[in-house]
């Protein structure tokens, strides 16, 4: 489960189509469930400025037996995207005590990723592992800004489903990620990621969006919810 939770955090690195969000600023939260029981949360906040999008995200997960923590995961990242392409990512991950400081920079020759001081270079065939842009589905080579990993994957359209968000059914498009990692993915009709699900070691893990529409992080509710 540890590896799968980390990979899903990577998938949530940069949620849905920013251009389709309502308003210039907003945020979504996701509840992380293990066999229906909450084990954590993921938050992503975005801000538009022309063709530039700034993203801040945070993930906290804790798996416990009774009151004894068995696994913890924390991730924070600050990202800048321009014209649908990541130009700068600064991230920190604490994966059950293993700390990773990761940066990603866009260059004329592709991406440069630094992991705890080690430099990796990727040509134009590789993409940041993020699902906000449906053009991601045209790639099959990815690298993560959450963990020290590269992987191969493809995406298959399954059909339309209703997913319950905030207690209401929402029509979604269902995709399946196949390859080094396999997950079920649901996007609402505006292209926003609504849910991720997978099975590991006999356990069903889900990331489910808490809001139907993005909330305003400046509101009183967002400050305390």
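Got a number for residues in the stretch 175-196 being outside any loop (DSSP other than H, G, I, E, B) and surrounded by 17 or more Cβ atoms within 10 Å (Cβ to Cβ)?
11
Among the residues that make up the stretch 33-48, is at least one of them more than 19 Å from the chain's Cα centre (by Cα) and either within 23 Å of residue 106 (Cβ to Cβ) or crowded, with 16+ Cβ neighbours inside 10 Å (or both)?
Looking through the stretch 33-48, none of the residues is more than 19 Å from the chain's Cα centre (by Cα) and either within 23 Å of residue 106 (Cβ to Cβ) or crowded, with 16+ Cβ neighbours inside 10 Å (or both).
Right, residue 172: under 24 Å from residue 81 (Cβ atoms), under 19 Å from the mean Cα position of the chain (by Cα) and in a strand (DSSP E or B) or not?
Spelling it out, residue 172 is indeed under 24 Å from residue 81 (Cβ atoms), under 19 Å from the mean Cα position of the chain (by Cα) and in a strand (DSSP E or B).
Is it the case that the stretch 156-163 has a residue that's surrounded by 14 or more Cβ atoms within 10 Å (Cβ to Cβ), out of contact with any helix residue (DSSP H, G or I) (no Cβ under 9 Å at 6 or more places or on another chain) and at pLDDT 95 or above?
Checking the stretch 156-163: at least one residue is surrounded by 14 or more Cβ atoms within 10 Å (Cβ to Cβ), out of contact with any helix residue (DSSP H, G or I) (no Cβ under 9 Å at 6 or more places or on another chain) and at pLDDT 95 or above.
If you go through the stretch 49-71, how many residues are buried (at least 17 other Cβ atoms within 10 Å of the Cβ) and over 15 Å from the mean Cα position of the chain (by Cα)?
The total comes to 2.
Please indicate, with yes or no, whether at least one residue in the stretch 125-141 is surrounded by 14 or more Cβ atoms within 10 Å (Cβ to Cβ), in contact with a strand residue (DSSP E or B) (Cβ under 7 Å, 6 or more places away or on another chain) and farther than 23 Å from residue 195 by Cα.
Checking the stretch 125-141: at least one residue is surrounded by 14 or more Cβ atoms within 10 Å (Cβ to Cβ), in contact with a strand residue (DSSP E or B) (Cβ under 7 Å, 6 or more places away or on another chain) and farther than 23 Å from residue 195 by Cα.
Of all residues in the stretch 136-146, which are closer than 22 Å to residue 208 by Cα and modelled with pLDDT of 90 or more?
Of everything in the stretch 136-146, those that are closer than 22 Å to residue 208 by Cα and modelled with pLDDT of 90 or more turn out to be 144, 145, 146.
The values are calculated or read from the model by the stated rules, or taken from the named source; none is laboratory data. Remember, it's a predicted structure, so these values are computed and weren't measured experimentally. Cβ coordinates were reconstructed from backbone atoms using ideal geometry, including for glycine residues, and neighbour counts include every protein chain displayed.
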